[in-house]
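Below: one structure, written as structure tokens.
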Amino acid sequence: MQTINEGVDINARQPRAALSWTILAESPLLWAALGLLVIVHYALILWGPFGISGDEAQYWLWARHLAWGYYTKSPLIAGILAFSTWVAGNSLLAVRLLAPWFALALAGVAYGFAREVHGDLHSARLAALFMAGIPVYFLGGLVMTTDVPMLLLWLLALWAFWRASVCRQRQAWLLAGAIVGLGLLAKYNMGVLPAAVLLYLLSHGAGRRHLQTVWPWLGVAVALLILAPNLWWNAQHHWATVRATWGNVTGGEGGWSSWWSFLGGQLGILGVFPFLLFVVALWQERRSWPTGRGAILVWTSLITWVFYAQKSFSGQVDANWPIAAYLGLVIWAAGPLSRAPWRRLALASIAVCAVLIGTVLSLPQLHGLGIPLPSKWYVPFKQTRGWRELAAAAQDRLERAQPAFVVTNFYQYSATLSFYLPTHPFVYYHDFSGEPSKCSIHGNQYLLWPGYEHRIGQNALLVLDGEDAPIPKSWIRQFRSCGTPENVNAASAEVTWHRVTMLLCRDYRGPQRSPEPDSVGRYR
């Protein structure tokens with residue numbers, strides 16, 4: 001039987017079942033390794049150092065209140081978690097149940113995509129290994145955030161765009177539009193991809209000829225049709241998601257320090273050695289990639305990266321925002337990097353990434369063995385540690401004052417307490433610094449949900465961020481009596497993750513009007 005390297009046309013039509021079996025049979029060790037990686041992901045989810053993150057808890061809460069949109073994000077993540085929690089209950093495993101499979105699918109799609117672009121197995125295998133071993137994509141198999149489904153949909157949409165523009169498959173424009181529509185339901189950042197594709201098509205004659213046909217515009221119509229329910233929800237809620245996303249794009253203060261922070265973040269999430277290899281590959285192939293078979297992959301990646309890089313000059317760019325920019329670059333770079341002498345360096349860079357990932361994940365165990373480590377090394381864990389301990393402290397106080405409800409001044413406290421408190425109660429959020437507008441770009445989903453005004457006669461636990469946090473006078477006036485504020489440190493393994501102030505108050509009387517301006521002060 002001929003192999004691909006012996007000249008079989010990989011684009012030749014084959015029965016779907018036969019093609020799937022061929023892909024599995026031609027790289028059995030790779031698929032065995034990727035299958036083992038799924039097991040590793042589940043082992044880390046069950047027994048690893050990561051508890052639920054504040055954002056994951058927020059998405060879990062959204063899944064209990066399904067809608068076509070949410071204040072800061074699109075609805076797909078809530079639908080995914082509604083399914084996984086229906087299958088496995090309200091547990092950390094349930095929240096992350098599908099994350100390892102999304103990671104496996106990302107590597108599998110990269111394999112098929114690179115195989116089709118480059119026509120050889122070495123490129124396909126390397127692309128899959130990059131997707132499995134690059135730190136940020138490996139992490140996508142451990143947590144369930146909006147980025148996880150968006151990355152898979154971005155890569156699938158890019159594949160469809162590639163087929164439409166390079167292979168001239170007209171129906172691929174419709175497929176790309178459908179996938180982009182789903183991607184926008186995952187995260188609005190998906191909109192950067194069609195914008196980058198449009199700029200690429202406008203840059204040369206062949207691309208402009210595509211735009212003179214009806215097919216790309218039919219694809220746009222399909223995308224808008226799929227996004228329509230979310231747009232309708234936004235229209236009914238003061239365009240909350242649109243305004244929040246636009247605020248992220250245009251807001252903030254940047255400069256060179258912000259840019260260097262952005263670059264350092266990208267080196268961290270991608271890995272220094274893969275990053276450098278991609279730069280070297282672009283330089284070595286500088287004569288061929290601008291107009292070659294993989295040009296759309298490189299150009300869309302560079303356009304996306306430049307978009308976020310320039311944004312860092314005007315405001316903060318979170319390290320995870322540009323992660324989709326590297327997907328097309330990985331597919332393209334798998335070609336030149338799979339050839340000698342670069343292949344060994346590429347595999348070595350993946351091995352180094354694996355060692356670094358293992359080292360970072362082992363930090364809590366090293367600390368448990370008594371090995372002293374700098375406190376800043378624990379920063380990557382802060383968003384996923386201490387929530388269970390915080391909930392235990394809150395539950396201890398709630399047991400003294402039932403029936404009672406909980407209010408916090410930080411949405412992640414509200415979401416994680418809802419998740420970890422035994423009965424999964426709805427924990428309210430209140431911004432004591434002022435009353436933001438329902439369409440403010442600086443709010444969160446709690447502003448669209450009912451408050452606690454109906455809990456008349458009940459007791460309440462107030463949880464404020466920080467030690468010795470000032471107690472709002474407006475809060476005190478709403479109760480018959482309040483106790484003494486307590487500083488609570490949520491700690492585990494001798495590391496303090498969160499510091500809060502808790503105050504238990506009795507007999508809620510409802511909002512109390514006062515002629516004096518609301519202010520905060522230390523209540524004793």
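The values are calculated or read from the model by the stated rules, or taken from the named source; none is laboratory data. For clarity, every value in this text was computed on a predicted model and none was experimentally measured. Here Cβ is always computed from backbone atoms with ideal geometry, including for glycine, and neighbour counts include all displayed protein chains. Calculation scope for accessible area: heavy atoms of the full protein, side chains included, ligands and nucleic acids excluded. Shrake-Rupley method; radii C 1.70, N 1.55, O 1.52, S 1.80 Å.
Of note:
- When Leu153 is tested against the conditions (1) open to solvent by 10 Å² or more (accessible area, probe 1.4 Å); (2) under 30 Å from Ser53 (Cα atoms); (3) in contact (Cβ under 8 Å) with a residue 40 or more places away in the chain, the lone failure is (3).
- Selection count, the stretch 288-304, where residues are open to solvent by 40 Å² or more (accessible area, probe 1.4 Å), assigned to a loop (DSSP other than H, G, I, E, B) and free of Cβ contacts under 8 Å to residues at least 40 places away in the same chain: 2
- Selection count, the stretch 270-293, where residues are in contact with a His (Cβ under 8 Å, 6 or more places away or on another chain) and among the small types (Gly, Ala, Ser): 0
- Residue list for the stretch 277-287, filter: in contact with a helix residue (DSSP H, G or I) (Cβ under 9 Å, 6 or more places away or on another chain) and either open to solvent by less than 80 Å² (accessible area, probe 1.4 Å) or without any contact (Cβ under 8 Å) to a residue 40 or more places away in the chain (or both): Leu277, Phe278, Val280, Ala281, Leu282, Glu285
- Residue count for the stretch 381-391, restricted to those that are open to solvent by 10 Å² or more (accessible area, probe 1.4 Å) and modelled with pLDDT of 95 or more: 0
- Trp217 of a type outside the set (D, E, K, R), modelled with pLDDT of 95 or more and assigned by the TED database to the domain that holds Asn189: yes
- Output for the stretch 227-264, where each listed residue is within 22 Å of Asn320 (Cβ to Cβ), part of a helix (DSSP H, G or I) and open to solvent by 60 Å² or more (accessible area, probe 1.4 Å): Arg243, Trp246, Asn248, Thr250, Trp256, Ser257, Trp260, Ser261
- Residue within the stretch 103-111 that is in the same structural domain as Ile331 (by the TED database), touching an Asp or Glu at 6+ places or on another chain (Cβ under 7 Å) and either free of Cβ contacts under 8 Å to residues at least 24 places away in the same chain or under 13 Å from Val148 (Cα atoms) (or both) present: no
- Matching residues in the stretch 207-226 - criterion: being assigned to a helix (DSSP H, G or I) and surrounded by fewer than 16 Cβ atoms within 10 Å (Cβ to Cβ): Arg208, Arg209, Leu211, Trp217, Leu218, Ala221, Leu224, Leu225
- Test: residue in the stretch 433-444 that is at pLDDT 90 or above and either open to solvent by 60 Å² or more (accessible area, probe 1.4 Å) or within 29 Å of Asn234 (Cβ to Cβ) (or both): no
- If only residues of the stretch 334-359 that are outside any helix (DSSP H, G or I) and touching a helix residue (DSSP H, G or I) at 6+ places or on another chain (Cβ under 9 Å) are counted, the one that is modelled with the highest pLDDT is Ser338.
- Restricting attention to the stretch 305-325 and to residues that are in contact (Cβ under 8 Å) with a residue 40 or more places away in the chain and more than 20 Å from the chain's Cα centre (by Cα), the residue that is most open to solvent (accessible area, probe 1.4 Å) turns out to be Phe313.
- Leu158 vs. criteria touching a Gly at 6+ places or on another chain (Cβ under 8 Å), of a type outside the set (Val, Ile, Thr), crowded, with 23+ Cβ neighbours inside 10 Å and assigned to a helix (DSSP H, G or I): yes
- Looking only at the stretch 78-133, and only at residues there that are part of a loop (DSSP other than H, G, I, E, B) and not small (Gly, Ala, Ser), the one that is farthest from Trp332 (Cα to Cα): Asn90
- Within the stretch 112-122, the set of residues being of a type outside the set (A, V, I, L, M) and either at pLDDT below 95 or open to solvent by 10 Å² or more (accessible area, probe 1.4 Å) (or both) comprises Gly112, Arg115, Glu116, His118, Gly119, Asp120, His122.
- Test for Thr213: is it under 25 Å from the mean Cα position of the chain (by Cα) and of a type outside the set (Gly, Ala, Ser): no
- Taking the stretch 262-277 as the range and being under 23 Å from Thr359 (Cβ atoms) and of a type in the set (A, V, I, L, M, F, W, C) as the test, the residues that pass are Leu263, Leu267, Ile269, Leu270, Val272, Phe273, Phe275, Leu276, Leu277.
- In summary, Val136 fulfils each of the numbered conditions (1) open to solvent by 20 Å² or more (accessible area, probe 1.4 Å); (2) assigned to a loop (DSSP other than H, G, I, E, B); (3) within 30 Å of Ala57 (Cβ to Cβ) with the single exception of condition (2).
- Out of Ile23, Ile39, sole residue that is on the phi < 0 side of the Ramachandran plot and at pLDDT 90 or above: Ile39
- Residue tally, condition in a loop (DSSP other than H, G, I, E, B) and open to solvent by less than 10 Å² (accessible area, probe 1.4 Å), over the stretch 36-55: 1
- Just one residue in the set Ala460, Ala490, Ala469 is touching a residue at least 24 places away in the same chain (Cβ under 8 Å), part of a loop (DSSP other than H, G, I, E, B), crowded, with 20+ Cβ neighbours inside 10 Å and touching a strand residue (DSSP E or B) at 6+ places or on another chain (Cβ under 6 Å); that residue is Ala469.
- Just one of the listed residues (Leu267, Leu277) is touching a Phe, Trp or Tyr at 6+ places or on another chain (Cβ under 7 Å), assigned by the TED database to the domain that holds Leu347 and outside any loop (DSSP other than H, G, I, E, B), namely Leu267.
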